[in-house]
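All remarks here apply to the structure that follows.
The values are calculated or read from the model by the stated rules, or taken from the named source; none is laboratory data. None of the values given here were measured: they were computed from a predicted structure. Quick reminder, even Gly has a Cβ in these numbers, built from the backbone with ideal geometry, and neighbours come from all protein chains shown. Just so you know, the surface numbers come from the protein's heavy atoms only, side chains and all, with ligands and any DNA or RNA stripped out. Shrake-Rupley method; radii C 1.70, N 1.55, O 1.52, S 1.80 Å.
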Amino acid sequence: MRVEGNTTLLLIGPGKIRSSEPAKVFGASVREAEVPEGKVYPFFFQNDAEVQVEGTYILVNGDTTPESWKRFAERGYERVFTFGDTDSGKSSFCVYLLNSTEIRRAIDADVGQSDVAHPGTMGLGEARGNVFSLSQLKIVDVAFVGVISPSGFESRCLRGFSHLTKLAGDKAVVDTTGWIRGRRAREYKLAKIEIFEPDVIACFGEVPDYLSDYETARLDSFVVKKRDREMRVAIRGRRYEEWFRGLEEVEVDVDRVRLRNTTMFSGTPVSDDVLESFGEVLYAERGFDFLTIYSRSFDAGVEAIRFLREYFGVAEVNVVNPDELTGLILGLRKGGKYLSPGKLLDVDLKGRKIKILGRRDAEIIEFGNFRLDEERREVLVRVP
């Protein structure tokens, strides 16, 4: 078909486009592109063009790129932090800055819908040319946090974010989660801002009072169609599949690797008749400040747990059913390089071995706090 100049073709994924003339997409110049499900890309044609399209699209007169984005890009900011609700246009704006300014690096801190890496991570990526999605960035490093929402795991997420900030350099933009309301969200956002030290906070929608101590810029959103919960689950499921390709079952001797985000195998084995009085104990270990009991039938109420804390002189007592750890999402590293996600398949507590879906060259195995069910939905898991 023929598309007249000064027209934007909004392609709603999944879809493909090929054009005789270049089109602008978030500041990038392209002649062909593929739009994944759940995404909408605006292809602006300045001149008349012959276009082949697969998928659903809408034609709009003029350039749909918000004027506030264009004005912002002209101001020369070097460190930009985004702020706004879910599906408000933050990721698209980050891509626009990568194509329209001297900023070439982005921290994708949206752990639920990570584009640079996969869900459950934060990623630092670098643009090596024009891009129209954060998923096209060259990965610099990945911080595995093992959760899809920072709520309840703020400290772990902040440690990962701090690590990536140190690698980001002087010019970078941060894509953030849509968790912006409530005391915990407020404290979490402020902590990230203090770590990153941005020149400006790009706000989509209302600017809250708690950002009054910082320079802010209010921007217009670019959202054609908001993604519902089912769509977001489906998108995450596809990302897991992409990263799991090529992995194999591996038996790992835990004494030959480093385990992170867990106290499993870090304590001294414990055998005590007191524990057996509450149910069959498969394995128990005591560490510096914890006691972990692995059992399928341990029956202890609040008072009993308090007694066990005092009896063993620990700050916390964890009771874990090892069956619930099957399918747990892992992060695999070798030295300073992130390799891939993985899955925990089995645990040999007394033999100090674990079986994983992963890679044989992994030297560090980081435990997440969720597993995937048969429909690739995340299920929270109590991890020791």
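Overview of results
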{"quantity": "Residues whose placed amide H lies under 5 Å from that of residue 340, excluding near-sequence neighbours", "calculated": "332"}
{"quantity": "Size of charge dipole - segment 14-157 - debye, nearest 20, with Cβ of Lys, Arg +1 and Asp, Glu -1, no other charges", "calculated": "320"}
{"quantity": "Helix-derived mean residue ellipticity, 222 nm - over the chain, DSSP H n ≥ 4, -39500 (n - 2.57), to 500", "calculated": "-6000 deg cm²/dmol"}
{"quantity": "Anisotropy class of segment 107-247 from Cα gyration tensor, a/c 1.5 cut", "calculated": "rounded"}
{"quantity": "Normalised alpha carbon radius of gyration of segment 282-325 [divisor 2.2 N^0.38 Å]", "calculated": "1.10"}
{"quantity": "Tensor-based shape of segment 73-143 (alpha-carbon gyration tensor, a/c under 1.5 rounded, otherwise prolate or oblate)", "calculated": "oblate"}
{"quantity": "Area of residue 124 that stays accessible when all protein chains are in place (1.4 Å probe, Å², to 10)", "calculated": "0"}
{"quantity": "Nonlocal amide H pairs with residue 319, under 5 Å, H built at 1.01 Å", "calculated": "293"}
{"quantity": "Relative contact order computed over segment 246-313 (Cα-Cα under 8 Å; 6+ residues apart), in percent", "calculated": "22"}
{"quantity": "Residue among 115, 170, 273 with the largest mean-square fluctuation in a Gaussian network model of the chain, springs linking Cα atoms under 10 Å", "calculated": "273"}
{"quantity": "Sorted peptide list for 200-210, 128-138, criterion being average Cβ within 10 angstrom, highest first", "calculated": "128-138, 200-210"}
{"quantity": "Label zone at residue 304 (point 7 Å along Cα-to-Cβ), backbone N below 20 Å, segment 248-287", "calculated": "270-286"}
{"quantity": "Packing-based order for 96-107, 182-193, 23-34, using average beta carbon neighbours within 10 Å, highest first", "calculated": "96-107, 23-34, 182-193"}
{"quantity": "Segment 253-262 - phi-based ³J(HN,Hα) in whole Hz, Karplus 6.51/-1.76/1.60, Gly and Pro as x", "calculated": "7, 5, 7, 9, 10, 10, 9, 10, 6, 7"}
{"quantity": "Cα centroid separation, segment 254-324 to segment 90-109 (Å)", "calculated": "46"}
{"quantity": "Order by protection proxy (mean Cβ within 10 Å, highest first), peptides 279-290, 147-158", "calculated": "147-158, 279-290"}
{"quantity": "Rel. contact order, % - alpha carbon contacts under 8 angstrom, at least six apart, the chain", "calculated": "13"}
{"quantity": "Long-range Cα-Cα pairs in segment 30-172 (distance over 19 Å), rounded percent", "calculated": "57"}
{"quantity": "Per-residue HN-Hα couplings for segment 210-220 [Karplus 6.51, -1.76, 1.60; θ = phi - 60°; Hz; x = Gly/Pro]", "calculated": "6, 9, 5, 7, 10, 6, 10, 9, 8, 10, 7"}
{"quantity": "Carbon + sulfur, % of accessible area of the chain - ligands and nucleic acids excluded, 1.4 Å", "calculated": "43"}
{"quantity": "Shape of segment 328-384, Cα gyration tensor, a/c cut at 1.5", "calculated": "oblate"}
{"quantity": "Mean separation of Cα contacts under 8 Å, 6 or more apart, over the residue count of segment 65-166: relative contact order %", "calculated": "20"}
{"quantity": "In sequence order, calculated HN-Hα J values of segment 155-163 (Karplus, 6.51, -1.76, 1.60; Hz; x Gly/Pro)", "calculated": "4, 4, 5, 5, 5, x, 5, 4, 4"}
{"quantity": "Gain upon complete extension [residue 67, residue 52; 0.36 nm per residue less C-alpha separation]", "calculated": "2.6 nm"}
{"quantity": "Segment 135-166 and segment 170-214: distance between their alpha carbon centers, rounded to Å", "calculated": "15"}
{"quantity": "Full-stretch length increase - residue 190, residue 155 - with 0.36 nm per residue and alpha-carbon distance subtracted", "calculated": "11.3 nm"}
{"quantity": "Volume of the Cα convex hull of the chain, divided per residue and given in Å³", "calculated": "150"}
{"quantity": "Antiparallel DSSP beta bridges within segment 252-384, as percent of all bridges there, nearest 5", "calculated": "75"}
{"quantity": "1.4 Å probe accessible area per residue over segment 1-143, in Å²", "calculated": "40"}
{"quantity": "Antiparallel %, DSSP beta bridges [both residues in the chain], to 5", "calculated": "75"}
